[in-house]
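Readers should treat all values here as calculations from the given coordinates under stated rules, not as data from a laboratory. From a predicted model like this one, the values you see are computed outputs, not experimental measurements. Please note: Cβ atoms are built from the backbone with ideal geometry, for glycine as well, and neighbour counts cover all protein chains shown.
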Amino acid sequence: MTTTKIALFAGAAVIVAGGLVLAIRTNPSTSTSDAHGAIAAPVAVATVKQAGQVDQINPFIHVVSIPATVDPSTIRFEKLSMVELASKTKTTADTQDCKDRQFRDPDSSNCQAVVERVKALAATYSYSGPALSSGEATPGRDTFSVYFRPEEVSVDGPVQKLKRDQAASNFVMSTYRAMVDQKVIDKEHSHLCDGNYVDGSWVRKDSKCQDQVQYTSQTVPSPYLTVQVDLRQSIATR
């Protein structure tokens, strides 16, 4: 299941900090969540980047979000691997190169080229597919990865030779579901015209009637479950 499908399934989009989005999009070692869940990050104000501008990126992301309909008990550690992540990017002035990038990644609005990469340890987890409205889970398992500096994780020998339980013992995973503000129609103070669907289109009974819609905010559970992965040694020293 791709990130786009998960976002559609969850019914909401997560706006993420531009640098973190770019870190995910420009790192081939990151499958789409690799995110298979959108990266959870503070909202950032979009800025217009000038050609030739070099941006520093922090690719060491320890928090992701997955659909809230996922059963947290199905999340399990899969593997630890060495990867390379983009740490610096440069806005390209090459119009054709920009078009090529957007063709390869239609969701991307960035014309960025990677100019520097860093090594990182990727801790990959999997989880059972989100539950459908019928209560059944979608088939298969999806994955996400979080990234640490190699010197932060104490391992003996090559990471690829570690047994799963040995690698997993370095990390502590926690989940929580935040409360968010949601804009909804204020039915008490709104007037919606009567009508019916005709050939798939809504047709008002009174053609002169105009909808008068008022909105209000309410606090509801987020459509996403936040997953945080910490180093066990960091927890112990707090």
Check your understanding: Among F148, F60, which comes first, then next, by fewest other beta-carbon atoms within 10 Å?
Key -> F60, F148
Check your understanding: Which value, to two decimals, describes the C-alpha radius of gyration of region 180-220 once divided by 2.2 N^0.38 Å?
Key -> 1.48
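For S217 and R232, calculate 0.36 nm times their separation in residues minus their Cα-Cα distance, and state this gained length in nm to one decimal. Numbers along the way, then the final one.
Working: separation 15, 0.36 × 15 = 5.40 nm, distance 3.91 nm.
Extra length available between S217 and R232 comes to 1.5 nm.
Where does each of H189, H62 land when they are ranked from fewest to most other beta-carbon atoms within 10 angstrom?
On the way: H189 11, H62 16.
Ascending Cβ contact count within 10 Å gives the list H189, H62.
By how many nm would the segment from N196 to D181 lengthen if fully extended, with 0.36 nm per residue of separation less the alpha-carbon distance?
Values: separation 15, 0.36 × 15 = 5.40 nm, distance 3.12 nm.
Full extension of this stretch gives 2.3 nm more.
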Check your understanding: Which residues in region 117-145 place their backbone N less than 11 Å from a point set 7 Å from the Cα of R76 along the Cα-to-Cβ direction?
Key -> 126-128
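Checking the table K90/K163; K183/K205; K79/K183 against a 31 Å threshold on Cα-Cα, which pairs fail?
Values: K90/K163 39 Å; K183/K205 27 Å; K79/K183 40 Å.
Pairs exceeding 31 Å: K90/K163; K79/K183.
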**Study point:** Cα centroid of region 215-232 to Cα centroid of region 169-184, whole Å
**Key:** 4 Å
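How would you rank I185, I66, going from fewest to most other Cβ atoms within 10 Å of each one's own Cβ? Could the numbers behind the result be given before it?
Numbers: I185 13, I66 26.
Listed from fewest to most nearby Cβ atoms, that is I185, I66.
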